[in-house]
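Have a look at the structure below, then the notes.
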Amino acid sequence: MDAVDVVRGLVAWVGHATIWLVLLNLLYSQPIHKRWLRTLRLIDAVIVFSFPGVWLGGVWSDGLNLPIIRAYLWVCWGVACLAIPTATLLRLTRRTPREQIRRTSQIVDYAKELGYRPVGSWKNAYLARLPGNEVFEVEFVRIDLALAGLPEAWDGLTILHLTDLHFCGTPEKVFFERVFDHCIHDGTPDIVVVTGDLVDTDEHHEWIVPLFRRLRWREAAFAILGNHDYWQQRDAVRSCLAEAGLRVLGNCWDSVEIRGHRLIVGGHEGPWFDPPPEDSHHSSEDFRLGLSHTPDNINWARKNGIRLLFCGHNHGGQIRLPLFGSLFVPSRYSRRYDAGLFDCRPTLMYVGRGLSGREPLRYRCRPEVTRFCLRVKHDSER
Ligand SMILES: [Fe+2]
């Protein structure tokens, strides 16, 4: 085996790993039980990491010349040399939607503020101790959006978006108390939206009422559940959210009168909760917000004329490499909608990175809370 064989093998391995990572992302976007997903993840890892051994065996036995192996290797080289650079270039040059007129943020390191790392008691708490882990460094983002068709009376309306809280014991409750207090310290929002994955155990729904009662809002608060809630005491999660004063939209529509105008809000908890929401029969004149745990429901939002869709689920990938970005993103679109604001006309979709995760592990992908300020976009500004 010479140096050329080594390089060809390494490039093919990159392509092979990418193909199987995309397949894993696709599997994780489906309503498959977490036990099966863990098994599938293990099988996937074995397939990815056994490649060098198979390659070496193939080189020595001349097995790489079998037509089917040859064809698969060409696919791997194509993915590594064409698909990955193209996708990376497209991601790096993606333009921010023009509705975003301002973005500012502030990072609060709660380990520093508390004087210790609130790693807590969850079985994966050891991950929170790893050096450089940003799991306690919350980025409080503020985004101003100029929207055409927004009622004049709503100019300056604020929406606080929380997602993927994953209450499980890590981080400790005090971390969330500080985060919720900070949200209010920045001013009372008009609307609060919560896009699922509140718990990861059958006990931690008990944190919902005391924590959400620390929040305040002027008009209304809406919540939906995510896939992690689906596998726990989901009815208890819903009743705790309701007890804390939030309107829980389980695959349905709701409306609220704000400053003399009607706001329509739709919640989509699919594909985990069935059946998906029916199409909206509200007047198309009314402004529509959407909550969906996964951005995979973007076409439902577009079809139903939702102007602003809030999502979570992807956690931004949790680990993001320089230039390349995220790797593991549990979406049928893989990394395409990993985090941020996306122009999917007529819908503007925001995918939050979330506050926590079942695996408390974050590198170059801090936990996030986002506050939006809506501005009226006048005809002269178009
Ligand atoms: Fe989540």
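Structure data summary
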quantity: Among residues of segment 128-158, those that are under 19 Å from Asp197 (Cβ atoms) and among the hydrophobic types (A, V, I, L, M, F, W, C), counted; calculated: 5
quantity: Residue tally, condition within 16 Å of the ligand (Cβ to nearest atom) and farther than 21 Å from Glu359 by Cβ, over segment 165-193; calculated: 1
quantity: Residue pairs meeting the criteria (Cβ under 6 Å; at least 6 apart or on separate chains; first closer than 10 Å to His166 by Cα, in segment 353-369; second within 10 Å of the ligand (Cβ to nearest atom) and among the β-branched types (Val, Ile, Thr)); calculated: Gly354/Thr163
quantity: Inter-residue pairs, beta-carbon under 6 Å, first touching a residue at least 24 places away in the same chain (Cβ under 8 Å) and among the acidic types (Asp, Glu) and in segment 190-206, second within 14 Å of the ligand (Cβ to nearest atom) and not in a loop (DSSP other than H, G, I, E, B), 6+ apart; calculated: Asp197/His228; Asp200/His228
quantity: So Thr201, is it part of a loop (DSSP other than H, G, I, E, B), assigned by TED's automatic domain parsing to the domain that holds Leu114, within 15 Å of the ligand (Cβ to nearest atom) and more than 23 Å from Tyr116 (Cα to Cα); calculated: yes
quantity: Filter pass, Arg336 being away from the ligand (no atom under 16 Å from the Cβ) and either outside any loop (DSSP other than H, G, I, E, B) or among the small types (Gly, Ala, Ser) (or both); calculated: no
quantity: Some residue of segment 185-197 being β-branched (Val, Ile, Thr) and part of a loop (DSSP other than H, G, I, E, B); calculated: yes
quantity: Which listed residue, of Leu145, Leu130, is buried (at least 17 other Cβ atoms within 10 Å of the Cβ) and of a type in the set (A, V, I, L, M, F, W, C); calculated: Leu145
quantity: Meets criteria (assigned by TED's automatic domain parsing to the domain that holds Tyr230, surrounded by fewer than 24 Cβ atoms within 10 Å (Cβ to Cβ), in contact (Cβ under 8 Å) with a residue 60 or more places away in the chain and within 15 Å of the ligand (Cβ to nearest atom)) for Asp343; calculated: no
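The values are calculated or read from the model by the stated rules, or taken from the named source; none is laboratory data. Given the structure is predicted, the values throughout are model-derived calculations rather than measurements. Don't worry about glycine lacking a Cβ; one is built from the backbone with ideal geometry, like all the others, and counts go over all protein chains shown.
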